[in-house]
Amino acid sequence: MGRVHQLIDAHGKKAALEHVKGRRAASVIEAAWATMLDERAGAVASFIYSGWCHAGLPHRKKGLADSDAWAIRTDHVTLTVEPGWIEQECGSRRYFGVPYGPTARLILIYLQTRALETGCREVELGRSLRQFLSRLDLEQGGRTNRAVREQIERISNCRLTFRLNKGSMRGVSNQSIVETAVFFGDA
């Protein structure tokens, strides 16, 4: 068991925050807590999206082909992000790639925030890309528009697999960030 896990186990989540220093202390505590076992139920505690929003996605595309999956491992949990794909008319697959970088994390934070604020899992990005960029307080323009559109496609189509391996216990949770999406305009 890691130091942060031990602090949470010994003192609880809130008290452990007093022992962990740094600007990302709250995120570290939250991610560690999310991976710990609920001993009474003997099951995995809930996996929270903020844990992999901050640490689970690649920081950059470097070295990743659009068809490559990406994985990150901790002591007991492995998160694998698989790219989504669409079958083309010729029968081949076009992969969207794994979401990466600050734009993807910004979009995930927006999705989480809106879901928590509204208490609803359905989140509308906006009636247009311009409206969504305005909500994110981003400048309108070619490079920004392309980056946001690309990361929305990647986020909407990827698949996540969380694998837990602790002692004799193993678990798996397959999830998608977006269950359904409708896109209008250019593909």
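The values are calculated or read from the model by the stated rules, or taken from the named source; none is laboratory data. Quick caveat: nothing in here was measured; it's all calculated off a predicted structure. As a convention, Cβ positions derive from the backbone with ideal geometry for all residues, glycine included, and neighbour counts pool all protein chains shown. Heavy atoms of the whole protein, side chains included, go into the accessibility calculation; ligands, DNA and RNA do not. Shrake-Rupley method; radii C 1.70, N 1.55, O 1.52, S 1.80 Å.
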statement: Under the helix-only model (-39500 (n - 2.57) for each DSSP H run of 4 or more, divided by the residues of the chain), the mean residue ellipticity at 222 nm, to 500 deg cm²/dmol, is -11500 deg cm²/dmol
- request: Treating the angle as unsigned and between 0 and 90°, give the value, to the nearest 10°, between the Cα long axis of helix 25-35 and the longest Cα principal axis of the chain.
  value: 80
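Can you figure out the FRET efficiency of ARG159 with LEU138, using R₀ = 22 Å and their beta-carbon distance, to the nearest 0.05?
Computed FRET efficiency for ARG159 and LEU138 comes out at 0.25.
Once Rh is set to the Kirkwood radius over Cα pairs, what Stokes-Einstein translational diffusion coefficient, in µm²/s, holds for segment 98-187 at a temperature of 20 °C and a viscosity of 1.002 mPa s?
On the way: Rh = 14.7 Å.
The calculation lands on 146 µm²/s.
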message: Between helix 142-157 and the chain, what is the angle of the helix's C-alpha long axis to the longest principal axis, kept within 0 to 90° and rounded to the nearest 10?
response: 60
message: If I compute solvent accessible area with a 1.4 Å probe over the protein chains, what percent of it on segment 93-172 is carbon and sulfur?
response: 45
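Against the globular-protein guess of 2.2 N^0.38 Å, express the Cα radius of gyration of segment 61-108 as a ratio, rounded to two decimals.
Normalised Cα radius of gyration, segment 61-108: 1.37.
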- request: Provide, as a two-decimal number, the C-alpha radius of gyration of segment 129-180 over 2.2 N^0.38 Å, N being how many residues it has.
  value: 1.71
- prompt: Which order do peptides 112-119, 23-30, 155-162 fall in by mean Cβ count within 10 Å, highest first?
  reply: 155-162, 23-30, 112-119
statement: Excluding residues fewer than 8 positions from LYS166 in its own chain, the aspartates and glutamates with Cα under 13 Å of it are ASP38, GLU39, ASP75
- request: Please work out which option in (i) 1.00; (ii) 0.96; (iii) 1.11 gives Rg/Rh (Cα atoms, Kirkwood Rh) calculated from these coordinates, and answer with its label.
  value: (i)
